Structures are given as structure tokens and as C-alpha cells.
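S.K.: The structure follows.
The values are calculated or read from the model by the stated rules, or taken from the named source; none is laboratory data. All values derive from a computational prediction rather than experimental measurement. Heads up, the Cβs are rebuilt from the backbone with ideal geometry, glycines too, and the neighbour counts pull from every protein chain shown. The protein model used for the area step is the full one, side chains on, heavy atoms only, and it has no ligands, DNA or RNA in it. Shrake-Rupley method; radii C 1.70, N 1.55, O 1.52, S 1.80 Å.
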Amino acid sequence: MAFSGNYMCTSFKTELLKGVHNFTAASDKFKLALYNNSSSFNAGTVSYTATNEISGTNYTAGGNAITTVTPTSSSTTAFVDANDVVFSNVTINLVRGALFYNNAPVSGGGTPSVAVLDFGSDKAASAGDFTVVMPTGDASNAIIRIA
């Protein structure tokens with residue numbers, strides 16, 4: 001199987017209504033893990049997995065922290081902004097996409113997924129920084145938007 005687009009995970013939408021995720025400052029710890037194209041993530045992805053996660057020099061399994069900005073709104077859309085995620089001085093290959101997930105302990109255990117990101121083609125870095133650029137934090141573009 002392969003990556004097939006960008007998705008906000010369906011389980012995440014349900015978990016928002018249950019109060020599982022907290023995006024306010026110094027709350028839940030969100031992370032971004034990188035994967036190869038053998039991953040079969042889609043809207044039904046429910047949690048972090050190490051299966052098909054990339055490996056390489058200076059890349060740590062589980063990925064890097066995502067710094068989020070306290071949720072806000074504009075007109076009738078609520079959204080969460082996130083800073084770019086930089087994997088420093090890495091040598092990694094065949095990176096096709098990423099999983100945005102909540103790494104904070106949740107009731108019942110697990111690391112619930114938030115969103116699947118498809119890079120559209122394989123990416124790499126050789127002894128350099130690999131940066132996942134997050135979209136502009138506004139009502140039309142933020143990584144998480146509820147209209």
C-alpha cells in the first residue's frame with residue numbers, strides 16, 4: 001500500500017468531542033513521525049506505529065515534537081497553528097509522508113493520531129536538516145481547522 005493523500009483522522013474528530021486532545025500551551029505533547037511509501041495511512045489511522053517508520057542517521061523513532069499555538073478562531077472557523085518541524089543533521093531517504101499524533105498518555109493508553117501528511121513524492125536529506133513546513137496558521141490554511 002502507499003500514501004494516498006492528506007487526512008484529518010476520523011478518530012481525532014471523535015476524540016475532540018470526548019476531550020482527549022488539549023492544544024493549549026504546555027498541555028499534550030504532539031509529535032511528527034516520518035514514514036516510507038510502504039505505509040498505508042488514511043483517514044482511518046488511529047494511532048502512532050513504528051511500522052514503516054523511516055530510519056537514518058540522527059533520526060529518532062517516534063519523530064520530533066510539534067510546537068502548537070493555542071487554538072484561536074477567525075469568523076466561524078477555529079484553528080490550531082503549528083510551527084515547522086525540523087529534523088536536524090539527518091541522513092534519511094525515501095521519506096514519503098508523516099503522521100501527526102498525540103504523544104501524551106491518554107485514557108486507555110495509546111498515542112492517538114491527528115493527521116496524515118502525504119508529501120506527494122519521496123524526499124531525502126543527507127547530513128542536513130529535513131524540515132516539514134506547516135501551512136500558514138489561519139482560518140483557510142492551518143493544519144487543523146474546524147469550520
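S.K.: Of all the residues that make up region 91-116, how many are in a strand (DSSP E or B) and more than 10 Å from the chain's Cα centre (by Cα)?
M.R.: Of the residues in region 91-116, 7 are in a strand (DSSP E or B) and more than 10 Å from the chain's Cα centre (by Cα).
S.K.: Go through (1) under 17 Å from TYR48 (Cβ atoms); (2) open to solvent by less than 50 Å² (accessible area, probe 1.4 Å); (3) out of contact with any Cys (no Cβ under 7 Å at 6 or more places or on another chain) and name the single condition ASN103 misses.
M.R.: (2)
S.K.: Taking ASP122 as meeting all but one of (1) within 16 Å of the chain's Cα centre (by Cα); (2) within 19 Å of SER39 (Cα to Cα), write down the number of the exception.
M.R.: (1)
S.K.: Let me ask something else about it. Residues that are open to solvent by 40 Å² or more (accessible area, probe 1.4 Å) and out of contact with any helix residue (DSSP H, G or I) (no Cβ under 6 Å at 6 or more places or on another chain): find the strands (runs of 3 or more DSSP E) completely inside region 7-90 holding 3 or more of those.
M.R.: 68-74
S.K.: Condition first: of a type outside the set (Lys, Arg), closer than 19 Å to LEU17 by Cβ and either touching a Pro at 6+ places or on another chain (Cβ under 7 Å) or surrounded by fewer than 16 Cβ atoms within 10 Å (Cβ to Cβ) (or both). Can you find one or more residues in region 111-132 that meet it?
M.R.: The answer is no, given that none of the residues of region 111-132 is of a type outside the set (Lys, Arg), closer than 19 Å to LEU17 by Cβ and either touching a Pro at 6+ places or on another chain (Cβ under 7 Å) or surrounded by fewer than 16 Cβ atoms within 10 Å (Cβ to Cβ) (or both).
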